[in-house]
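So the structure is just underneath, and the comments pick up after that.
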Amino acid sequence: MTAPPSTSPLISIEAALTTDRTIADASATATIRPVYIETYGCQMNVADTELVASILREAGYRIVNEVEAADIILINTCAVRENAEERVFGRVSQLYGLRARNPGLTIGILGCMAQHLAAELPQRAPFVDLVMGPDSYRRLPAILAQTSDETLLDVRLSRAENYVGVEPSRKTGTNAWVTIIRGCDKFCTFCIVPFVRGRERSLDSGEILHQVHNIAAEGFREVTLLGQTVNSYNDGHTDFADLLRTVAAVDGIERVRFTSPYPRDFTARTIEAMAQTAEVCPALHLPVQSGSDQQLDAMQRGYSIAEYRDLVSKLRQAIPNLAMTTDIMVGFCGETEENFRETCELMEGLRFDSAFMFKYSERSGTQAHRAIADDIPESVKGERLTRIIKLQESISSEINQKWIGKTVEVLVEGVSKRPAADGSATSFGRSLQAKTVIFPEMAAPNSIVQVRVHSSTSHTLMGTLVV
Ligand code: SAH
């Protein structure tokens, strides 16, 4: 194995001294190295980055927003599809170029891809200094303090690590993420998550409430509860339905969301809690994956299409104006044209507001990789994906048109990247249904305003402020 360049703490102490001359004590400067963290993947990774930032700040590091200003670069990664990993390989090679200017630069790979590829990462990217899985972040300061000629690995999975006592360094904004359950025990045959995030464990509800009170005190009005199977939450005293009600009751919290629930674990109690709790937003992301029972069986999802449809109809009956979104995967092992047609039919029948759509990507270590052939040609996967994207676009456009003429409540996020036709700035925010709403008037971020919708696209509602 090629020896990677070592991380020299001496060089970094000097760098810190030259950038921050007010610090006189050399022992204190050892930990003020500026850290830049880049995040890939799902919301749980975004939330994990906030944990990492908090752990590092607590240890005396400074988090910076520009990669060029950093002495330590950490990439928090995703492993769910191969292209997510390929992107990270591309990105770390590019970042390695920065070492020419800063020989003391430390580069680390964190998260799911680190866990998944721990064995091969030191060979494929020998210049990477450290590789840490999602359960190892408490040890990050200790690892960063080490000097080694080899890539430092820490990919121990834990049955207990919930980062209790670490108050995430939340980005300012309108929404605060709270991870309530880590890991996954479902073992769907296609999915890497149980292998890279370990066993399912729920954070104590007292700790969650403590976090939510802090979030409200910081001025956030919206909270999103997170987990790979968020509705499987149970800490031994409180189930997901009760947790929703308690979180929603915290003073100052006006909108509660959660993602992603697992269809099989969706209880009548949770539907009731959603329906009876005004703060719980009428928006639900419920991954279905396929419209074919045969495919769901092969994926070992644990529900049938009839059961999924039944759940959706109960949800829609109980919660007026519920916006529903989903995840759909095409080209999983053995997917026939008929199976694919069933997926299209399900989409046409259930009419999701929008969907994340993917081509199946074989992941080493999963049951599908070990036991089932990835037999759908790439060209067929691509063609099927294009077809469902087109179908979903037209459904999303039609659904969004129904909002024209209505007034929606918007939690303002800030100035939109999309200016008006005349070039002037516009504001944007989210409706209760989680739709992006754009309007020309300026409104304070984090305020709640009423917007009358006058037009729409498949992704956005446009309107004007109602005063
Ligand atoms: N816990 C979620 C899954 C999280 S991963 C669940 O209920 O299924 C997010 C999405 O990525 C999944 O819903 C699935 O649509 C997609 N996905 C997961 N593994 C994949 C793979 N091997 N190839 C392509 N897409 C995948």
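Points worth noting:
- In angstrom, the C-alpha Rg and Dmax of segment 236-385 are 17.3, 53.
- Computed per residue of the chain from DSSP H runs no shorter than four, each worth -39500 (n - 2.57), the mean residue ellipticity at 222 nm is -10000 deg cm²/dmol.
- Computed from point charges on the beta carbon alone (+1 for Lys and Arg, -1 for Asp and Glu), the dipole magnitude for the chain about its Cα centre is near 520 Debye.
- Computed over neighbours whose Cβ is under 14 Å from that of LEU350, the net charge equals -4, Lys and Arg +1, Asp and Glu -1.
- Spacing of the two label points (7 Å from each Cα toward its C-beta) at GLU383 and GLU207, in nm: 5.0 nm
- Using equal-weight Cα scatterers in the Debye expression, the normalised intensity of segment 100-173 in log10 at q = 0.22 Å⁻¹ is -1.03.
- Counting only alpha carbon atoms, the long axis of helix 82-96 and the longest principal axis of the chain meet at about 30°.
- Total formal charge among the other residues, if their Cβ is under 10 angstrom from that of ALA368, Lys/Arg +1 and Asp/Glu -1: 0
- Taken one residue at a time, the phi angles of segment 416-425 give Karplus couplings (6.51, -1.76, 1.60, θ = phi - 60°) of 6, 6, 9, x, 5, 4, 7, x, 6, 5 Hz. Gly and Pro are set to x.
- The Cα trace of the chain gives Rg and Dmax of 23.4, 71 Å, the first to one decimal, the second as a whole number.
- Net lengthening on full extension, HIS459/ALA142 (0.36 nm per residue, minus Cα-Cα): 109.7 nm
- Set of aspartates and glutamates near LYS186 by C-alpha distance (under 12 Å), chain-local residues within fewer than 8 positions excluded: GLU200, ASP265
- Counted residue by residue at 0.36 nm each, then reduced by the alpha carbon distance between them, the extension gain from ARG101 to LYS406 reaches 104.2 nm.
- Charge-dipole axis of segment 191-320 as Lys and Arg at +1 and Asp and Glu at -1 on Cβ define it, positive-most pick from VAL223, ALA278, GLN317: GLN317
- By the beta carbon rule, with partners counted only under 4.7 Å, the chain holds these lone Cys residues: CYS42, CYS78, CYS112, CYS184, CYS281, CYS333, CYS344.
- Stokes-Einstein D for segment 323-363, Kirkwood Rh over Cα pairs, 4 °C, 1.567 mPa s (µm²/s): 118 µm²/s
- The string of couplings for segment 192-204 from the Karplus curve (6.51, -1.76, 1.60, θ = phi - 60°) is 8, 3, x, 7, 9, 10, x, 6, 5, 8, 9, 6, 4 Hz, one whole number per residue in order, with x for Gly and Pro.
- Rounded to the nearest 20, the Cβ-based charge dipole of segment 83-124 about its Cα centre (Lys and Arg +1, Asp and Glu -1) stands at 220 debye.
- Residue-span extension gain [GLN276 to VAL415] - 0.36 nm each, minus C-alpha spacing: 46.7 nm
All of the numbers you see were taken from the coordinates with simple rules; none came from a lab. All figures in this text were calculated on a predicted structure; none of them were measured in a lab. Positions of Cβ are backbone-derived with ideal geometry, glycine not excepted, and every protein chain shown enters the neighbour counts.
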